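Here the structure comes first, spelled out in structure tokens, and everything after it is commentary.
Values in this text are rule-based calculations from the coordinates and carry no lab data. Small disclaimer: the values here were computed from a predicted structure and weren't measured. Neighbour counts are summed over all protein chains in view; Cβ atoms, including those assigned to glycine, are modelled from backbone coordinates with ideal geometry.
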Amino acid sequence: MAAETLAPGEESAGAGVTAPAPVLQADAVSKEFPGVLALDRVDFDLQPGEVHVLFGENGAGKSTLIQILAGVYRPSDGSIRFRGQRVVLQGVHHARMLGISAVFQEFSLVPTLTVEENLFLGAELTRRGFIDKSELHRRADGILRQLGFPLRPQQPVHELTRAEQQMVEIAKAFCTDLSVLILDEPTASLTDREAERLFAMVEQAKSRGVGIVYVTHRMSEIRRIGDRITVLRDGRRIATLAVAEADDERLLQLMTGRVISQVFPKIAYRPGRLLLDISNLTVTDHSVRSFSLTVRAGEVVGLAGLVGCGKSEVGRACFGLERIAAGRIVFDGEDVTGRTVREILDRGAFYLPPDRREEGLIMMRSVRENISLPWLAARAFSRFGLLDRRGERARVRDLVRRLNLRPPNIEADLERFSGGNQQKVLLAKGLISAVKLFILDEPTVGVDVGTRVAIYEFVRELCQDGAGILLISSDLPEILHLTNRTYVMYRGELRAELEGAQITQDRVLSNFFERRQAA
């Protein structure tokens, strides 16, 4: 398929106005790994003071391209130009010295060092041969204040939340004379307020002439800060166009070949027996207070609200991951309040956490080991008290085919797979045994549209096979299109219960915020 294209700067420059020279440019760049052509003659250019969005499914080549631009990889063919001059990037440090800094999804922080030590790691400020700690502190504090990040320079990184560590990674990029900033899914770990702070920082960088390469799956972010967008598919550039011309349906078709009506499947709701009954639940840290909810077999029940509203804690409490101060949780007719994770899992409930790397998967182990780990003592894998290796491999291969995992190598370490394929493996862990209730906590965070479609299709299949689904999501379209009943939370409490035609964007959003008292 021939790539659509606009001339560099065409969408923002008026008639007769010459666009500025690109600050960074890739010319016919290819990258080949053993047996895989990850990039196939891709052209890409970045103008000063613009946000150029890279868009595509997992495995489309986005990560490979930004790693080439950041100096992690060298291209197998093609060339890179920086400010019009051809360069051969010798590594990440070389790229940073030129003014090209990247913030990847996988953090490169040293947990035992402080925030300020991590900011200048490898580029330490010295005086007479010794590290100048006072200058280090002054510079780090200035950068954090400039970005508006609420971090203490001398705090050890291991004490920070994942969102705060993301802030440190972003701040590192501003420790050099910045010309190009590469952001890879930067809001995946941030709250809405933190994301707004990031967008303000992006606008500030743009105003200083910094060119920004921005990788995201979120349409709203593209509209919020993007200028141009390049769509990749199967390692090739499909199109480069102005964000103003890129409506959702066109982007989806360019990226996957699908129309937007094919994203959300039609789910036939046939509610059966009561599977989950939460009554007046309060957890010990009071992030959830006096909350009640029910889920029946054969239905998808939504739990919506802003990040930090307590919805994740409800799911975790059902799975034995949160301590309960008051209330009762009944699963399939049995009181499981205060039971352990193992006991609840054995009774047929499965929880899919929002952070697959921190809580869901062991990245340095194989696909097979990750999928079978919770079920090693189950009848499917055990014979006479010993692990049935042949049965384990056969069952995992069946799931890999069903999930269309790419590549379909069950012995490969999980860290070699794209984020979307890692998410499929996480979901597969719940498909080994006869699970009655699936608690899906942000199941599509950080994955592309193609993987979303696959996950939504599995939600449909699970529901129609008689499982109950509790869908905990901050993604409004998921709530609107997949659920037949939805609970909306605000600051730990139930704000609304909506059903059928009541589940509209206006009704859901109106319960996300503080209600003003009538005068």
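Could the peptides 35-41, 208-214, 310-316 be put in order, highest first, of the mean number of other beta-carbon atoms found within 10 Å of their residues?
On the way: 35-41: 16.1, 208-214: 20.6, 310-316: 24.3.
Order by mean packing, descending: 310-316, 208-214, 35-41.
Given the -39500 (n - 2.57) contribution per DSSP H run of 4+ residues, what per-residue ellipticity at 222 nm results for the chain, rounded to the nearest 500 deg cm²/dmol? Please report the intermediate quantities before stating the final value.
Values: 16 runs with 153 residues, N = 519.
Helices in the chain give a 222 nm mean residue ellipticity of -8500 deg cm²/dmol.
Between helix 419-428 and the chain, what is the angle of the helix's C-alpha long axis to the longest principal axis, kept within 0 to 90° and rounded to the nearest 10?
Once rounded, one gets 10 degrees.
Cα axis of helix 449-464 to longest principal axis of the chain: angle in degrees, 0 to 90, nearest 10?
The angle comes out near 0 degrees.
Going through the stretch 335-400, which trypsin sites (Lys or Arg not before Pro) have at most 14 other Cβ atoms within 10 Å and a DSSP loop state? Walk me through the numbers before you get to the answer.
Values: sites: 339, 342, 347, 356, 357, 365, 368, 379, 383, 389, 390, 393, 395, 397; in loops: 339, 347, 365, 379.
Sites meeting the loop and neighbour criteria: 365, 379.
Mind pulling the angle between the C-alpha long axis of helix 192-207 and the longest principal axis of the chain? Nearest 10 degrees, somewhere in 0 to 90.
Roughly 10 degrees, rounded to the nearest 10.
Quote to one decimal, in nm, the extra length available between residue 402 and residue 88 on full extension: 0.36 nm per residue of separation minus the C-alpha distance between them. Mind showing how you got there, number by number?
Working: separation 314, 0.36 × 314 = 113.04 nm, distance 4.26 nm.
So the extension gain works out to 108.8 nm.
Please state the charge dipole magnitude for the stretch 362-432, taken about the Cα centre, from unit charges on C-beta atoms (+1 on K and R, -1 on D and E), reported in debye and rounded to the nearest 20.
Details: 15 positive and 7 negative charges, 54 e Å.
I would put it at about 260 debye.
In the neighborhood of residue 150, defined by Cβ-to-Cβ distances under 11 Å, what is the net charge if each Lys or Arg adds +1 and each Asp or Glu adds -1? Walk me through the numbers on the way to the answer.
Numbers: positive: 145, 152, 193, 197; negative: 164, 194.
Residues near residue 150 contribute +2 overall.
Which FRET efficiency value, to the nearest 0.05, is calculated for residue 220 and residue 390 with the Förster distance at 51 angstrom and r the Cβ-Cβ distance? Provide the component values of the computation, followed by the final result.
Details: r = 47 Å, r/R0 = 0.93.
Plugging the Cβ-Cβ distance into 1/(1 + (r/R0)^6) gives 0.60.
Can you sort 114, 444 so the residue with the fewest Cβ neighbours within 10 Å comes first? If you can, show how the numbers build up before the last one.
Numbers: 114 19, 444 22.
Ascending Cβ contact count within 10 Å gives the list 114, 444.
Which of the three applies to the chain, rounded, prolate or oblate, going by the alpha-carbon gyration tensor with a ≥ b ≥ c and a/c under 1.5 meaning rounded?
Details: a/c = 1.59, a/b = 1.49, b/c = 1.07.
Because a/c hits 1.5 or more and a/b exceeds b/c, the chain counts as prolate.
What is the sum of charges, Lys and Arg at +1 and Asp and Glu at -1, for the other residues whose Cβ falls under 13 Å from the Cβ of residue 287? Please list the in-between numbers first.
Numbers: positive: 289, 311, 316, 323, 491; negative: 285, 313, 322, 493.
Charge balance in the 13 Å sphere: +1.
Which GluC sites (Glu not before Pro) in the stretch 50-126 pass both tests, a DSSP loop state and at most 14 other beta-carbon atoms within 10 Å?
On the way: sites: 50, 57, 106, 116, 117, 124; in loops: 50, 57, 106, 124.
Passing both the DSSP loop test and the Cβ count: 106, 124.
Choose one of 110, 140, 173: the residue whose Cα lies farthest towards the positive end of the charge dipole of the stretch 92-182 (beta-carbon charges +1 Lys, Arg; -1 Asp, Glu; about the Cα centre).
Comparing the listed Cα positions along the dipole, 140 ranks first.
Antiparallel DSSP bridges in the chain: what percent, to the nearest 5? Present the calculation step by step, with values, prior to reporting the outcome.
Details: 46 of 82 bridges.
Bridges in the chain that DSSP calls antiparallel: roughly 55 percent.
Can you classify the stretch 130-194 as rounded, prolate or oblate using the Cα gyration tensor, where a ≥ b ≥ c are the square roots of its eigenvalues, rounded means a/c under 1.5, and otherwise it's prolate if a/b beats b/c and oblate if not?
Cα axes put the stretch 130-194 in the oblate bin.
Could you tell me which trypsin sites (Lys or Arg not before Pro) in the stretch 439-519 are loop residues by DSSP with no more than 10 other beta carbons within 10 angstrom of their beta carbon? Before the final figure, lay out each step's value.
Values: sites: 452, 460, 485, 491, 495, 507, 515, 516; in loops: 491, 515, 516.
Hits after loop and neighbour filter: 515, 516.
Sequence neighbours fewer than 8 away in the same chain don't count; with that in mind, list the lysines whose C-alpha is under 21 Å from residue 429.
Hits, sequence-local ones excluded: zero.
Treat every Asp and Glu Cβ in the chain as -1 and every Lys and Arg Cβ as +1, leave all other atoms uncharged, and give the resulting dipole magnitude about the Cα centre to the nearest 20 debye.
On the way: 68 positive and 68 negative charges, 175 e Å.
That gives a dipole near 840 debye.
Quick check on the exposure proxy: order 175, 463 from fewest to most C-beta atoms within 10 angstrom. Don't skip to the answer; put the middle values down first.
On the way: 175 17, 463 24.
Arranged by neighbour count, lowest to highest, 175, 463 become 175, 463.
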